[in-house]
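Please read the structure below before turning to the comments.
The values are calculated or read from the model by the stated rules, or taken from the named source; none is laboratory data. Keep in mind the model is a prediction, meaning the values are calculated, not measured. Cβ atoms come from the backbone with ideal geometry, glycine included; neighbour counts cover every protein chain shown. Protein only, heavy atoms only, side chains kept; ligands, DNA and RNA dropped before computing areas. Shrake-Rupley method; radii C 1.70, N 1.55, O 1.52, S 1.80 Å.
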Amino acid sequence: MAAPYVLHMMTPLANVSPFDVNMAADAGISIIVPYTNITQKDIVGLTQDAMFSRDPRNAVRTGIFIGGRDASMALDMMDAAKKSMFPPFQISVFVDPYGSFTTAAAMIAVVEQALRKTGTESLKGLEVQVYGATGVVGGIVGLIAAQAGANVTLVSHRGAEAIQGKADDFGRRYGVKLNCVDMKTEGKENLLAKAEVVLCAAAAGVQVLSKQELEGATKLRVAADINAVPPLGIEGVDVHDNGVALPHGVGVGALAIGNVKFKVQHALLSRMQEATKAVYLDFQDAVETARGLTA
Ligand SMILES: NC(=O)c1ccc[n+]([C@@H]2O[C@H](COP(=O)([O-])OP(=O)(O)OC[C@H]3O[C@@H](n4cnc5c(N)ncnc54)[C@H](OP(=O)(O)O)[C@@H]3O)[C@@H](O)[C@H]2O)c1
């Protein structure tokens, strides 16, 4: 009989996310252990403690989930966990800080689907603007869009310098270029006049774009919002909308994206359990899965 699957959920925060605990349970994992206030230096010890305690044949029945609210920190933790393993003890790692990897992946896949419906094959070469880019979701959604070949501008409402560090870090890690602008200095009107795709990942309950502002977005093809808490991020785009007509282009709402995010996270948790060899899952696996679901 296969050994029970054990998921060690680690976070630098004071609590692991109840959302992620429920997702793991609904994916069939019954042994879920939270570890809180974890720092980078704790990862090696915890990983080796988890891997040495199991018969090597059952190593693959052991997984680490890394959460938190900082994508770079979570990716560094995953690297530290991987580097601390060696045969035959390798265990799986899935990193999804604040659900941002699966959420951003779903957002990109749903936007690409909306683009295809209007005759545009991909994000390649498009002017993509990310609002709320200093947030963990906004940064990753910008990174994935850049990897897909878009010209990405990260927009912050508190100064370009607030976002530049993250853009530089992603540039170093993944060789992408992310432009950073301050919403107030640049002016929303000027920005929107150039936008072909808008990805709105601002804080819950914050409206970023009004209907009137969207009138000026004459090149817009798709505008997507991930905020499901009223007031929503884009006026005129309701949570369930998936292709609603805007003054220019179409809109996609938070729950149309959330529905795909939910399936992506479930699929990746299932992949950990079904693996016969350890797997290491990050936003790149999430986007591949999301694209498969929306193809
Ligand atoms: N549907 C799902 O599955 C799902 C999953 C996870 C998260 N979410 C949603 O995704 C969104 C982003 O999450 P997050 O944790 O990254 O958010 P967050 O950290 O709370 O906020 C993201 C960014 O929003 C911007 N912002 C805050 N107040 C603003 C204002 N008054 N005007 C304009 N921008 C403002 C800020 O960026 P700047 O200062 O740089 O402008 C902030 O860094 C949230 O709405 C969250 O609820 C959805």
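Key figures for this structure:
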read-out: From L192, L220, residue being assigned to a helix (DSSP H, G or I), under 14 Å from I234 (Cα atoms) and of a type outside the set (F, W, Y); value: L192
read-out: Tally, over segment 199-213, of residues that are of a type outside the set (K, R), more than 18 Å from V128 (Cα to Cα) and assigned to a helix (DSSP H, G or I); value: 1
read-out: Residue match in segment 196-204 (condition: open to solvent by 60 Å² or more (accessible area, probe 1.4 Å), in contact with an Asp or Glu (Cβ under 7 Å, 6 or more places away or on another chain), in the same structural domain as A150 (by TED's automatic domain parsing) and modelled with pLDDT of 95 or more); value: no
read-out: Pick from segment 14-29, criterion open to solvent by 20 Å² or more (accessible area, probe 1.4 Å) and in contact with a strand residue (DSSP E or B) (Cβ under 9 Å, 6 or more places away or on another chain), ranking: nearest to M272 (Cα to Cα); value: A25
read-out: Count of segment 155-174 residues which are open to solvent by 10 Å² or more (accessible area, probe 1.4 Å) and more than 10 Å from the ligand (Cβ to nearest atom); value: 9
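Here's the yes/no breakdown for (1) among the charged types (D, E, K, R); (2) more than 17 Å from the chain's Cα centre (by Cα); (3) part of a helix (DSSP H, G or I):
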{"site": "V33", "(1), (2), (3)": "no, yes, no"}
{"site": "Q48", "(1), (2), (3)": "no, yes, yes"}
{"site": "A81", "(1), (2), (3)": "no, yes, yes"}
{"site": "M85", "(1), (2), (3)": "no, yes, no"}
{"site": "M107", "(1), (2), (3)": "no, no, yes"}
